[in-house]
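Let me begin by presenting the structure, written as structure tokens, before commenting on it.
The values are calculated or read from the model by the stated rules, or taken from the named source; none is laboratory data. Please read these numbers as outputs of a predicted model, since none were measured by experiment. Quick reminder, even Gly has a Cβ in these numbers, built from the backbone with ideal geometry, and neighbours come from all protein chains shown. Ligands, DNA and RNA are excluded from the accessible area calculation, which covers all protein heavy atoms including side chains. Shrake-Rupley method; radii C 1.70, N 1.55, O 1.52, S 1.80 Å.
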Amino acid sequence: CPSDAIDHMPCEDPRRNSQLSREMNFYRERHCPDPTESQICLIPPPSGYRIPVPWPESLHKIWYSNMPHSKIAERKGHQGWMKKEGAYFIFPGGGTMFPDGAVQYIEKLSQYIPIGGGVLRTALDMGCGVASFGGYMLKEDVLTLSFAPRDSHKSQIQFALERGIPAFVAMLGTRRLPFPAYSFDLLHCSRCLIPFTAYNASYFIEVDRLLRPGGYLVISGPPVQWPKQDREWADLQSVARALCYELIVVDGNTVIWKKPSADSCLLKQNEFGFDLCDEYDDPSDGWYFTLKKCISKLPLSGETAVGFIPNWPDRLNKPPTRVTLMKNGINVFEADTRRWARRVAFYKKSLNIKLGTPAIRNIMDMNAFFGGFAAALSSDPVWVMNVVPARKPLTLSAIYDRGLIGVYHDWCEAFSTYPRTYDLIHVTSIESIRDSSEKSRCHLIDVMVEMDRILRPEGTVLVRDSSEVIEKVSRIARSIRWKVRVYEAEPGSNGREKVLVATKE
């Protein structure tokens, strides 16, 4: 690709998206080019690119040459976000609402909510900056997925991923975020500037959809007791009351609410006109799904609620309640967990890949199903973005119930991340991740060129499929300059399967 494409994200291209409507930030959401407009080319790294600083050192510093963009350091350095020092960007761990550091801020929150001890496991940090909150929550065994749009601080998510912190590019605009309902034990906004009560409180309703029953909502910064924002602060409190959220505390400019654990809340008469969604509405639909102005009913079973769902790490391998939505779901889940424990042990022993070493931190599973691959890596110093193809069975809710994270995605489109952000990309049944009814929309080469875009130089691709598909993948892999090795699958596997390991030069 041209040299000016080093940070190109096809579906978040400001040159194209700037022509679109500003209403509800529509222009800052995903807008992908028509497949006929897509270039089939490989994105080059910036001049001077170096293999990233390994985790956990990367939490505190990264190479300047890997993303030589100084705007955030210049604008936010005094707030402790980041600063340039010699060949590095340094991350002191601060944020706009916690300039003294995320550690101190998290300690303050833990006075009011059970951050330690495994009660809380999955968190969503909205408008995350360089994701220091999520980075330091990892020390509490809380797995935080951070998001922010591509905006004037254009590289904030790129910085987060280079640091080894789970993150992706997204905007809360006209559509639901690409997650199932009740995914997160904690939702966090630190000066994220989301107008939660605008558009008839559409954004607060989306937060409510994503927050697990009994979960916590933390908002720090405006409008919470903020000068000249009395009306917005009053409206925010009114919405929370209408949804029967329990006010835990208002501490300076930070407010903490707790969502009800069960459907005990009858929506009272309120100025927002809230009503429950229809029975046929599936609150877990999250791919290009327009925001709804209705409240998702809580599950009849209280087993998904914070305090009832098993604490981490017990929840990792216990069949979640939501797997029973699938026929024989518990049996399928347990068999999948055993299968991936066996496969990953074989991969580590026999494939000569760097799983379990500092060389691999950011991992993507492109066809995650129940997250068995990620679960088998839970003791390694890695995190896994579990992707459930948007037109496959919606198993992502079970992944979240296990205490893992992920998103819906359509692999005929580009993923919402910067180039060079994953160390290892894993996919089982690569042909199946494209929509079988619309395979003409994209070719296998489109998928693999996208994999190359988001893979770091010297990164690893692991493909498991039939020998016929592996042969096809091998030809394309060599044409995009990957070094390829093919192995027989582990003993006891389907005899037609092979495993391809490729390395990006």
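Could you please find all residues in segment 29-43 being open to solvent by less than 40 Å² (accessible area, probe 1.4 Å) and in contact (Cβ under 8 Å) with a residue 24 or more places away in the chain? Those that are open to solvent by less than 40 Å² (accessible area, probe 1.4 Å) and in contact (Cβ under 8 Å) with a residue 24 or more places away in the chain: 29, 30, 41, 43. Looking only at segment 202-219, residues that are among the aromatic types (Phe, Trp, Tyr) and open to solvent by less than 10 Å² (accessible area, probe 1.4 Å) come to 2 in all. Taking the numbered list (1) open to solvent by less than 30 Å² (accessible area, probe 1.4 Å); (2) free of Cβ contacts under 8 Å to residues at least 24 places away in the same chain in turn, residue 20 passes all entries but (1). The strands (runs of 3 or more DSSP E) falling completely within segment 316-430 that include 2 or more residues that are of a type in the set (Val, Ile, Thr) and touching a strand residue (DSSP E or B) at 6+ places or on another chain (Cβ under 8 Å) map to 383-389, 405-409, 422-428. Here residue 77 clears all of (1) on the phi > 0 side of the Ramachandran plot; (2) small (Gly, Ala, Ser); (3) not in a loop (DSSP other than H, G, I, E, B) except the condition numbered (1).
Among the conditions (1) modelled with pLDDT under 95; (2) buried (at least 19 other Cβ atoms within 10 Å of the Cβ), the only one that residue 75 does not satisfy is (2).
The residues of segment 137-174 that are open to solvent by 10 Å² or more (accessible area, probe 1.4 Å) and within 15 Å of residue 121 (Cβ to Cβ), listed by number, are 138, 139, 140, 141, 143. Of all residues in segment 80-117, those that are among the aromatic types (Phe, Trp, Tyr), part of a loop (DSSP other than H, G, I, E, B) and without any contact (Cβ under 8 Å) to a residue 40 or more places away in the chain total 0. With respect to residue 114, determine if the residue is surrounded by fewer than 21 Cβ atoms within 10 Å (Cβ to Cβ) and modelled with pLDDT under 95. Answer is no for this residue.
For segment 334-360, the set of residues classified as modelled with pLDDT of 95 or more, of a type outside the set (A, V, I, L, M) and touching a helix residue (DSSP H, G or I) at 6+ places or on another chain (Cβ under 7 Å) consists of 336, 337, 339, 340, listed by residue number. Selection within segment 387-441: residues that are surrounded by 22 or more Cβ atoms within 10 Å (Cβ to Cβ), touching a Cys at 6+ places or on another chain (Cβ under 8 Å) and not aromatic (Phe, Trp, Tyr). The member of this set that is modelled with the lowest pLDDT is 412. Of the strands (runs of 3 or more DSSP E) entirely within segment 205-308, those holding at least 2 residues that are under 26 Å from the mean Cα position of the chain (by Cα) and not hydroxyl-bearing (Ser, Thr, Tyr) occupy 211-220, 254-258. Just to be sure before I move on: is residue 177 in contact (Cβ under 8 Å) with a residue 60 or more places away in the chain, of a type in the set (A, V, I, L, M), under 30 Å from residue 6 (Cα atoms) and assigned to a loop (DSSP other than H, G, I, E, B) in the structure I sent? Here the answer is yes, as residue 177 does meet what is asked. Is it the case, given these coordinates, that residue 247 is more than 14 Å from residue 206 (Cβ to Cβ), open to solvent by 20 Å² or more (accessible area, probe 1.4 Å) and hydrophobic (A, V, I, L, M, F, W, C)? So residue 247 fits the description; yes.
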